[in-house]
1. Just for helices (runs of 4 or more DSSP H) wholly inside the range 56-159: which have at least 1 residues that are in contact (Cβ under 8 Å) with a residue 12 or more places away in the chain, out of contact with any strand residue (DSSP E or B) (no Cβ under 6 Å at 6 or more places or on another chain) and not hydrophobic (A, V, I, L, M, F, W, C)?
2. For Ala186, state whether it is crowded, with 18+ Cβ neighbours inside 10 Å, small (Gly, Ala, Ser), modelled with pLDDT of 95 or more and more than 15 Å from Cys113 (Cα to Cα).
3. Listed residues Leu134, Leu164, Leu88; which is modelled with pLDDT of 90 or more, buried (at least 16 other Cβ atoms within 10 Å of the Cβ) and within 19 Å of the chain's Cα centre (by Cα)?
4. Somewhere in the range 104-111, is a residue of a type in the set (Phe, Trp, Tyr), farther than 25 Å from Thr24 by Cβ and surrounded by fewer than 21 Cβ atoms within 10 Å (Cβ to Cβ)?
5. Go through the range 231-263 and report how many residues are assigned to a strand (DSSP E or B) and either at pLDDT below 95 or over 21 Å from the mean Cα position of the chain (by Cα) (or both).
6. On the given criteria, is Tyr283 at pLDDT 95 or above, of a type in the set (Phe, Trp, Tyr), at negative phi and in contact with a helix residue (DSSP H, G or I) (Cβ under 8 Å, 6 or more places away or on another chain)?
Amino acid sequence: MELQGICHKMHASLANLSVTEHKTQKADVEYQFTLDASIVHLPIQVGQEVEIEWTGQIYCTSCGTKTPKSYSQGHCFKCFKTKASCDLCIMKPETCHYHLGTCREESFAKNVCFQPHIVYLANSSALKIGITRLGQMPTRWLDQGATQALPIMQVGSRRLSGQLETMFAEQLADKTDWRKLLKGEAEPLNLTEIRNEILTEFTPKIQKIRDEFSQNLDFSEGIEILEHEQMREFVYPVDLYPEKIKSHNLDKTPTIRGKLQGIKGQYLIMDSGVINIRKYTGYQLIIRTE
């Protein structure tokens, strides 16, 4: 089996959803490749031999132009410098500058930044705090390889969610350790109990942020505490985790191959090393399986 196309991040979905005796939603994670912006069924099974070849070509996923280098996960330099989706505030939403009148794209702000956002707890390599658009659940958690997740707050803008994330990050990690992620399952946590503890502890600071935003009519979205959300658990298709992490780099080695041992987050885990598929967004790839 051979497929060729412009790489995008893998598409993850849930299957076999159930509710445990502890009222936790549990589901298996399934993956498909996304080539040329279309989801394709690629019959890669754990245990199969797979070969990934980079043709040497990179195309901007925004304008389609051929580019010698990929910026901000799949953009040419021009789009990187002009697109709102490549601005610093995407990585650091608390730095959103729409209210200063300097946003790169009005339509992007309305369609992305001023949509309901969720502040959540997740357990991937360890406990972390994070944010995502309401419509991006559970995609965001699956992309991060989280084995547990729990929404704790809902707000009306990306900037407000970023302010809350920054506040919680004073005590909680806001990054995933990808090496720990790929070396095994994280120790299970009681996210409901942790939610109750941190919401109580941070009540004064949450109120301060609520008051600051409510003073500006343009940003009076409010903060909703999610007290009745169920914890989610995700089971990834992994047969064997590596003892030592070796990372493949297509820029240095254009063709890699190995036996697939698992998929977690956006990583393929092979006996020859791991590869972050999302890192190569915009790269033209040939994927072969036996």
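The values are calculated or read from the model by the stated rules, or taken from the named source; none is laboratory data. Remember, it's a predicted structure, so these values are computed and weren't measured experimentally. Cβ: placed from backbone, ideal geometry, glycine included. Neighbour counts: every protein chain shown.
1. 77-82, 139-143
2. no
3. Leu164
4. Scanning the range 104-111, I find at least one residue that is of a type in the set (Phe, Trp, Tyr), farther than 25 Å from Thr24 by Cβ and surrounded by fewer than 21 Cβ atoms within 10 Å (Cβ to Cβ), so the answer is yes.
5. Residues flagged as assigned to a strand (DSSP E or B) and either at pLDDT below 95 or over 21 Å from the mean Cα position of the chain (by Cα) (or both) within the range 231-263 amount to 7.
6. It is false that Tyr283 is at pLDDT 95 or above, of a type in the set (Phe, Trp, Tyr), at negative phi and in contact with a helix residue (DSSP H, G or I) (Cβ under 8 Å, 6 or more places away or on another chain).
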